[in-house]
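The values are calculated or read from the model by the stated rules, or taken from the named source; none is laboratory data. All of these numbers come straight from a predicted model, not from anything done at the bench. Counting neighbours? That spans all protein chains shown, and the Cβs are built from the backbone with ideal geometry, glycine included.
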Amino acid sequence: MGRNQSREAENSKNQSTSSPAKDCNSSPVTEQSWMENDFDELTEEGFRRSVITNFSQLKEDVRTNHNEAKNLEKRLDKWLTSINSVEETINDLMELKTMVRELRDECTSFNN
């Protein structure tokens with residue numbers, strides 16, 4: 001009887017540790033796991049595409065904003081040049097005003 005018990009124990013051990021290949025491949029858990037992994041890969045691929053698209057759009061926006069900033073900087077430089085010119089003109093006019101007063105004072109002193 002010891003011999004038969006040993007064989008029975010071995011047979012039950014083999015049955016519990018191995019399962020038919022067909023059952024593993026067709027189990028809902030395995031199919032679900034495969035679909036989740038496939039979904040993760042698609043999500044990662046979609047994420048990568050999204051990042052590439054967003055990066056390309058960001059790069060284009062930076063270029064556009066850079067060009068707009070350059071144009072605004074040129075306009076600002078023109079305005080600053082105009083302001084400087086106006087300031088110089090005002091200074092020249094103030095000098096002329098001072099000279100005219102001095103000349104008027106001279107003329108008034110000659111008349112007296």
Notebook entry, point to check: Are any residues in the stretch 72-112 at pLDDT below 95 and not charged (D, E, K, R), and if so, which ones?
Noted result: L103, C107, T108, S109, F110, N111, N112
Next item on the list: Examine the stretch 9-20 for a residue that is in a helix (DSSP H, G or I), of a type in the set (D, E, K, R) and either at pLDDT 55 or above or loosely packed, with under 10 Cβ neighbours inside 10 Å (or both), and state whether such a residue exists.
Entry: no
